[in-house]
Each structure stands twice: as structure tokens, then as C-alpha cells.
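Participant: Quick one: this structure, given as C-alpha cells, is what I'll be asking you about.
The values are calculated or read from the model by the stated rules, or taken from the named source; none is laboratory data. Source: prediction; values computed, not measured. All Cβ positions, even for glycine, are placed from backbone atoms using ideal geometry, and neighbour counts span all protein chains on display.
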Amino acid sequence: MIWSWEYAFEVLPELLAAFAVTLEATLAGFALALVLGLVWAIARMAPLRWVSRTASAWIELVRSTPLLIQLYFLYYVLPEYGLTLSPLVIGVFALGMHYGCYTAEVYRAGIEAVPRGQWEAARALNLPRRAVWLRVVLPQAIPPTLPVLGNYLIAMFKDTPLLAAITVMEMLQTAKLIGAGSFRYLEPLTITGVVFLVVSLAASSAIRLLENRHAVRR
């Protein structure tokens, strides 16, 4: 099979439209993962034993099962209980839930790295618990975790092709269908691979810049 630029430009708009779906799922899923991860990290460190143990058990359960199984479970089981959502919404939720358990451990490491004296000083000033977290702990805990969180963003981006299992028309699935319709797989699959490569490399460079900036400040 010989590469055809004419065919490549012909299928490019459809692939870019599918890339928009891939990007949407990645960004929405990662935003959800950041929020859920912080909630679960705080819950895991809660003084109430039943709260911390429940959070720990949930994190281990999700981290120990494949994302694909979680996608199938949400897509096929939720309708049995009367909850019907679009495949894209389910995909975003599954990505956010899955990676939220990983970001929870990242947050926890950052929080535990905050010097104990900071906590004690905040208590000595009689700061409300909310102010302790928002003004003292999190501003110190989150910046060092940004490089690791960025790596999870790239990992999530590369996992979006799994959403094709629940009929989400992301970029790779679209490339496969284009190839199946024309019996030309070279161009759509190559374009898809190049897009994933370029976006991943650009994100990696941005993460390194964040890492260097933090290293200078530290």
C-alpha cells in the first residue's frame, strides 16, 4: 500500500472532529479526577476510622481493576437500575473515577509532605479547619505534585481509545471505521498515531517546564 496525500487530506477533517471528542473526554475526565482525587485523599486521612477505611478500600478496589471492566460495568449495569447516560458521559465519569484514585495517592503524598509545624501553627492561630486546608496546607501540597498529575493526564489521554468499547466515537475508533469503509488503513491510522504522538510530546514538554519551574522555586 502506497501513501496517498489526497486520501489523507480527504479523511483529515473527520479525524480531527473525532480528535475533538478525544480531547473533550480527556479534559473533562481529568478535571473530574482532580476533584475526586482531592476528596478521596482528604477522606483517607480523616480522623474517623470508618471514613478513612472506606476511602482506602474504594481506592484500592478501583486501582486494582482494569479501566475497561469499569467502563463495561457502568455502561451495561447502570441502565438496569434506571440510570441511562450517554456513552461519552459514562466514559468521562469512568476516566475521572479511575484516575481519581491515582491522583488521590498523589495528593496524599503532597499533603503528608507539608511540615508538621505548619499544621501546629495554624491550630495555634485558631484558624477554622476550612482555612487551614485552603490557605495553609493545599497551597503547599499541590504545587510539588503537578509533574506527577501531568503524567496522569498524558496516561488518560492515551487511554481514551478504550472508550470505543462503549461506542464513543473517539479518534482511533473513527480511524478504524474509515479504514474499514475504504480498505485503506495506512493513512487514517498513521494520522491518528501522529496526533497522539505530537500531543503527548507537547504535554510532556509542558510538564517538564512545570517541573523545572518548581525546582527553581524550591
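Participant: Test residue 150 against the stated conditions and say whether it is surrounded by 15 or more Cβ atoms within 10 Å (Cβ to Cβ) and without any contact (Cβ under 8 Å) to a residue 40 or more places away in the chain.
Facilitator: On the way: surrounded by 15 or more Cβ atoms within 10 Å (Cβ to Cβ): yes; without any contact (Cβ under 8 Å) to a residue 40 or more places away in the chain: no.
Criteria not met by residue 150.
Participant: Tell me yes or no: at least one residue of region 174-184 is under 30 Å from residue 2 (Cα atoms), under 20 Å from the mean Cα position of the chain (by Cα) and surrounded by fewer than 17 Cβ atoms within 10 Å (Cβ to Cβ).
Facilitator: The answer is no, given that none of the residues of region 174-184 is under 30 Å from residue 2 (Cα atoms), under 20 Å from the mean Cα position of the chain (by Cα) and surrounded by fewer than 17 Cβ atoms within 10 Å (Cβ to Cβ).
Participant: Within region 7-43, can you find the residues that are over 20 Å from the mean Cα position of the chain (by Cα) and acidic (Asp, Glu)?
Facilitator: Listed by number, the residues that qualify are 10, 14.
Participant: I would also like to ask the following. Just to be sure, is residue 167 at pLDDT below 95, within 26 Å of residue 16 (Cβ to Cβ) and either over 18 Å from the mean Cα position of the chain (by Cα) or not aliphatic (A, V, I, L, M) (or both)?
Facilitator: Values: at pLDDT below 95: yes; within 26 Å of residue 16 (Cβ to Cβ): yes; either over 18 Å from the mean Cα position of the chain (by Cα) or not aliphatic (A, V, I, L, M) (or both): yes.
Answer is yes for this residue.
Participant: Quick check on residue 103: is it surrounded by 12 or more Cβ atoms within 10 Å (Cβ to Cβ), of a type outside the set (A, V, I, L, M), in contact (Cβ under 8 Å) with a residue 60 or more places away in the chain and touching a helix residue (DSSP H, G or I) at 6+ places or on another chain (Cβ under 7 Å)?
Facilitator: yes
Participant: Of the residues that make up region 165-175, is at least one on the phi > 0 side of the Ramachandran plot and of a type in the set (S, T, N, Q)? Explain how you work it out, then say what you get.
Facilitator: Within region 165-175, the first condition is being on the phi > 0 side of the Ramachandran plot, and the residues that meet it are 167.
With of a type in the set (S, T, N, Q) added as a condition, the list becomes 167.
Yes - at least one qualifying residue is present in region 165-175.
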